[in-house]
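Written out below as structure tokens is the structure these notes cover.
None of the figures in this text is laboratory data; all of them are computed from the coordinates on show. Note that the structure is predicted; figures quoted are calculated from it, not measured. So basically every Cβ, Gly included, is an ideal-geometry build from the backbone, and we count neighbours across all protein chains shown.
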Amino acid sequence: MTALYDAPVSEPHIRKVRPDELEEVWRVHVAASNDLLVRGGRPAARPADAPVASDARAGLASDPDGYFCAVEEGQIRGMVSALVRGRVWYLSMFFVLPGDQGRGLGRALLERALAYGEARGAEIRCTLATLDPRAQARYVMAGMPPRWPIYRLDGDAAAVTRLKARAGLDPREQELRCDPGGAEKLTAEVFGHGRADDLAHFRGDGGAAVAIERGGELAAFAYRRGQRIGPAAGRDEMAFVQAVAAAAAAGASGGGSVTMRVPGACTSLLEALVSCGFRIGAPTLFMASRLFGRPELYLPSGPILY
């Protein structure tokens, strides 16, 4: 999220995003994200006309009343997306065009997103923040102090092979398909609330889940979508690492690499990945009003749906 702490300005026009505006809203996201990277001395990550991520479409479908845009002179200049999952309000995306930052658009957008969570009865607020101190200050003021970093980790085929050996997988565990109902039940136990619609979206988006079973019971699962691993959840740290390793091995079966976003709370998984040669990328920061679920046993799907 790239919204900045900004000063008051005359009231912008804030309204809900319409489905046919998602491409324009996504261009705001890409422009603001690339600007933040360039200001930090890194190259822009995506072309200006990058296609809308499927997770962003799923978020608008699940929470249309939590998607807002700031419009001036007929142009969308900022956007915010908030999702509610049970008692958890998650700030999914929050971006203002580089030339419009510092004018109060972010403040007005965030107020509407927070009001959406209050109307839905959410009790916990959380987000993934960039390392921009102005954005972090805004989230602290919204009651979300920092908790831990979330690292992007990338592993090539050799690193995945080492992870597979470390996890002690056997061939049956690698190929074991995960029952959707079992994954939903385990997600509710670990995340703190069921996410059946999100899991169905991942499956419909080309995702497949692998499972670790013990005594006929699901001990852990992990989704993979192309090169991406997540979400994943486990009843204990050993099963959790094994499920992630199994999904990584399946995802890298053609010799390619895999990537995932690993919370600092997942100490056993993080240590296993780094020890096996996965490379740590630039971190984001998990900020939350209070902790929930069992964060040491949950791997997010990514920054948009968490």
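Things to note:
- Sorting the segments 157-165, 46-54 by their mean number of nearby beta carbons within 10 angstrom, highest to lowest, gives 157-165, 46-54.
- Farthest toward positive dipole pole in the chain [+1 Lys/Arg, -1 Asp/Glu at C-beta], among Val96, Ala167, Gly234: Ala167
- Within the shell defined by Cβ-Cβ distances under 13 Å, the residues around Gly182 carry a net charge of -1, with Lys and Arg each +1 and Asp and Glu each -1.
- Neighbourhood charge, 12 Å Cβ-Cβ cut-off, centred on Ala196 and excluding it, Lys, Arg +1 and Asp, Glu -1: +1
- Treating r as the C-beta distance of Ala282 and Asp49 and R0 as 25 Å, the FRET efficiency rounds to 0.60.
- Burial ranking of peptide ranges 221-229, 244-252, 271-279, 14-22 (average Cβ count within 10 Å, highest at the top): 244-252, 221-229, 271-279, 14-22
- Relative contact order of the chain, taken over Cα pairs closer than 8 Å and 6 or more residues apart, is 21 percent.
- Cα gyration tensor shape of the chain, rounded if a/c is under 1.5, else prolate or oblate by comparing a/b with b/c: prolate
- DSSP assigns beta bridges within the chain; of those with both partners inside it, close to 90 percent run antiparallel.
- Gain on full stretching of the segment that runs from Val38 to Glu24 - 0.36 nm per residue minus C-alpha separation: 2.9 nm
- Close amide H pairs (under 5 Å, H built 1.01 Å from N) link Arg85 with Tyr90, residues at least 5 positions away or on another chain.
- Taking label positions 7 Å along the Cα-Cβ direction at both Ser275 and Met141, the computed distance is 4.4 nm, reported to one decimal.
- For the range 41-149: rounded, prolate or oblate by the Cα gyration tensor [a/c cutoff 1.5]: rounded
- Shape category assigned to the range 204-306 from the gyration tensor of Cα positions, a/c cut at 1.5: rounded
- Over all other residues within a Cβ to Cβ distance under 13 Å of Leu91, the charged ones net out to +2, with Lys and Arg as +1 and Asp and Glu as -1.
- When the helices of the chain are scored as -39500 (n - 2.57) per DSSP H run of n ≥ 4 and the total is divided over every residue, the value at 222 nm lands at -11000 deg cm²/dmol.
- Calculated FRET efficiency, His13 to Ala115, Cβ-Cβ distance, R0 = 22 Å: about 0.85 to the nearest 0.05.
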